[in-house]
Amino acid sequence: MLNRLAGWLLRAVVLVAGLVVFLSLLTAVLLLAALWGLRALWARITGRPVTPWVMGVDPRSAWRAAASRGAWRRQGQAPAEPEQPPTPPQTGAAGPLMRPLPGTEDVTDVQPRAPKSD
């Protein structure tokens, strides 16, 4: 008997919780609809055109910015413009395998130097 009572109590709690979530979402949607309606009514009263609510940021701009920076190179796709020829390996105190990392030609706030040897 106690198991049945606990089961029904759990079902009632879940049902009440679902109703609370549903009613809060419904209230939020109705509030937004009322605000939009008042805004449209005010625009008609003042003689202005009713403009829709839009997102202030163009979601395509992030894609364009990433594509223009060359993010496609990291994914192994072919470049659209011809690449610069590779720099020859440096010889000297640092050794023949020391060559600059890709993208370091754009760095302007540091001075390159040879690594310290212990």
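The values are calculated or read from the model by the stated rules, or taken from the named source; none is laboratory data. As the structure is a computational prediction, the values presented were derived from the model and not from experiment. We work out accessible area using only protein heavy atoms, side chains counted, and drop any ligands, DNA or RNA first. Shrake-Rupley method; radii C 1.70, N 1.55, O 1.52, S 1.80 Å.
Ser68 passes all but one of (1) part of a helix (DSSP H, G or I); (2) at pLDDT 80 or above; (3) polar (S, T, N, Q); which number fails?
Evaluating Ser68 over (1) part of a helix (DSSP H, G or I); (2) at pLDDT 80 or above; (3) polar (S, T, N, Q) leaves (2) as the failure.
When region 1-60 is examined, which residues are found to be open to solvent by less than 70 Å² (accessible area, probe 1.4 Å), among the small types (Gly, Ala, Ser) and not in a helix (DSSP H, G or I)?
Gly47
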